[in-house]
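A short write-up of the structure that comes next.
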Amino acid sequence: STGRGCGSRSGCGCQCHRWHVTDSVSLAGQFEGGMNQFAAAAGGSLEAAGMNVQQFQDLFLQLGAKLPVSTMEVQQAAIALVKGGIDPAIIAAGGLESSLNFASAAGMGLEDAANLSVKMLGTFTSVTDTAAEKTAFMAESQNLMVKAANASTLDVATLGDAMLQAGGQARAVGLDYEDFVTSMGLISPAFGSAAEAGTSFKNFLVRLQPTTDPAITAMTNLGLYTLETGSAFFDAEGKFVGVETAAELLQNSLSGLSDAQRVLALQTIFGNDAMGAAAALADGGSEAYRAFAEQMGMANGVAAQAEAVNQGFDFAMTNLSGTIESLQIQLGLALMPALT
């Protein structure tokens with residue numbers, strides 16, 4: 001008589017079937033509203049991609065049934081991606097599913113994980129890249145961030161904050177993305193905050209090419225600069241030599257100096273904001289870089305991490321709940337035209 005349902009399949013007179021139908025219609029109404037939000041956020045990009053809302057409705061329901069998340073959460077993650085400027089074709093081609101798995105592996109909320117992926121994609125890809133190229137980068141960048149966090153004392157959200165501080169400069173100097181992730185995972189634990197680590201590394205990259213006479217003199221004295229070849233951190237074509245080589249150059253050039261001489265040299269070349277990153281790289285040199293890169297290689301990526309955390313009774317119940325919710329929404333959607 002409560003209307004809550006008893007689980008019986010026989011006619012028990014408890015209104016359980018009415019309750020289930022009502023619940024389905026309510027969920028379907030919320031889902032329909034979310035689809036309207038997605039369509040509004042996507043705007044003309046749906047038509048430009050040759051796609052329609054129905055295709056994404058089917059995708060959201062499919063992922064809600066397949067993954068240990070609610071269908072509504074899938075929908076909100078997709079809205080965050082499309083609001084961030086992600087092409088619907090990228091979302092449909094695997095970008096959404098990879099972002100959902102990334103959130104699970106990273107221990108982040110779905111929207112936060114989606115927003116981090118959007119910012120990385122916007123910083124390190126070009127507007128001329130194809131949807132396939134952007135989808136591949138999104139999956140690879142997510143995988144590398146999870147690996148770097150698992151190889152260090154950081155979590156993915158903290159590592160992401162540090163990387164976002166320095167991302168623009170890293171792209172400008174031509175730093176390879178994997179090199180960037182490895183470098184930030186290596187040096188960030190030496191700083192008090194992610195923002196401090198990112199700011200220091202950003203300024204470190206700027207100071208690799210000296211612009212003041214004192215910096216030029218200091219780098220010349222250390223064998224890091226000549227008038228003929230310029231900064232040793234760039235090759236003959238002007239390309240950055242990479243962080244591993246830069247760390248080796250710094251370590252070798254500073255060896256033999258007293259502590260006072262070392263501090264003065266780093267401060268003169270890099271300034272107060274950047275010398276922390278320079279010192280962290282110089283301390284370990286290329287050996288520390290390679291060791292951390294090897295740890296990253298052995299650490300769990302998105303797939304392995306998601307598999308490791310998505311186990312046990314709680315996971316099974318969450319997955320079952322998502323499957324049931326997806327089915328309820330589909331039932332409600334079938335009834336809604338007549339009810340409307």
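The values are calculated or read from the model by the stated rules, or taken from the named source; none is laboratory data. All values reported here derive from a predicted model rather than from experimental measurement. Here Cβ is always computed from backbone atoms with ideal geometry, including for glycine, and neighbour counts include all displayed protein chains. These area figures cover heavy atoms from the full protein model, side chains too; ligands, DNA and RNA do not enter into them. Shrake-Rupley method; radii C 1.70, N 1.55, O 1.52, S 1.80 Å.
Put +1 on the Cβ of every Lys and Arg and -1 on every Asp and Glu Cβ in region 179-265; which of Ala194, Leu224, Phe180 then has its Cα farthest towards the positive end of the dipole? Result: Ala194, furthest along the dipole toward the positive end. Per the Debye formula with a single identical scatterer at each Cα and no solvent contribution, what log10 I(q)/I(0) holds for region 22-91 at q = 0.12, 0.19, 0.23, 0.24 Å⁻¹? Each listed q corresponds, in turn, to -0.29, -0.71, -1.01, -1.09.
Magnitude of the charge dipole for region 46-197, about its Cα centre and with charges confined to Cβ atoms of Lys, Arg (+1) and Asp, Glu (-1), is about 80 debye.
Each principal axis of region 169-314 carries a Cα extent, and these read 65, 34, 25 Å when sorted largest first. Along the chain, the longest continuous region that contains none of the GluC sites (Glu not before Pro) in a DSSP loop with at most 12 other C-beta atoms within 10 Å is 1-227. Note on the chain: Kirkwood radius taken over Cα pairs, Stokes-Einstein applied at 10 °C and 1.306 mPa s, translational D equal to 70 µm² s⁻¹. Charge tally around Phe137: other residues with Cβ under 13 Å, Lys/Arg +1 each, Asp/Glu -1 each, net -3. What the Kirkwood sum gives for region 265-308 is a hydrodynamic radius of 12.6 Å, with every pair of different alpha carbons counted.
On the accessible surface of the chain, probed at 1.4 Å, how many percent belong to carbon and sulfur atoms?
Carbon with sulfur: 51 percent of the solvent-accessible area.
Where a ≥ b ≥ c are the square roots of the eigenvalues of the C-alpha gyration tensor, would you call region 135-177 rounded, which needs a/c under 1.5, or, failing that, prolate if a/b is larger than b/c, or oblate? Verdict is oblate for region 135-177.
Give me the net charge for the shell around Ala39: Cβ to Cβ below 11 angstrom, other residues only, Lys and Arg +1, Asp and Glu -1.
-2
How would you classify region 62-145 from its alpha-carbon gyration tensor, with a ≥ b ≥ c the square roots of the eigenvalues: rounded for a/c under 1.5, else prolate if a/b is greater than b/c, otherwise oblate? It comes out prolate by the Cα gyration axes. For the chain, a Gaussian network of Cα nodes joined below 10 Å ranks Gly122, Gly29, Gly185 by mean-square fluctuation, and the top entry is Gly29.
Show me, bin by bin at 5 Å from 0, the whole-percent P(r) of region 234-286 based on Cα pairs. Per 5 Å bin, starting at 0, the Cα pair percentages come out as 5, 21, 28, 26, 14, 6, 1.
Determine, for each peptide in 163-172, 255-264, the mean count of other beta carbons within 10 angstrom over its residues, then list the peptides with the highest first.
Result, highest mean Cβ count within 10 Å first: 163-172, 255-264.
Net charge of the neighbourhood of Ile329, taken over other residues with C-beta under 12 Å away and scored Lys/Arg +1, Asp/Glu -1, is -4. Answer with one residue from Ile329, Leu63, Gln37: the one whose Cα lies farthest towards the positive end of the charge dipole of the chain, charges on Cβ with Lys, Arg +1 and Asp, Glu -1. Looking along the dipole axis, the top candidate is Ile329.
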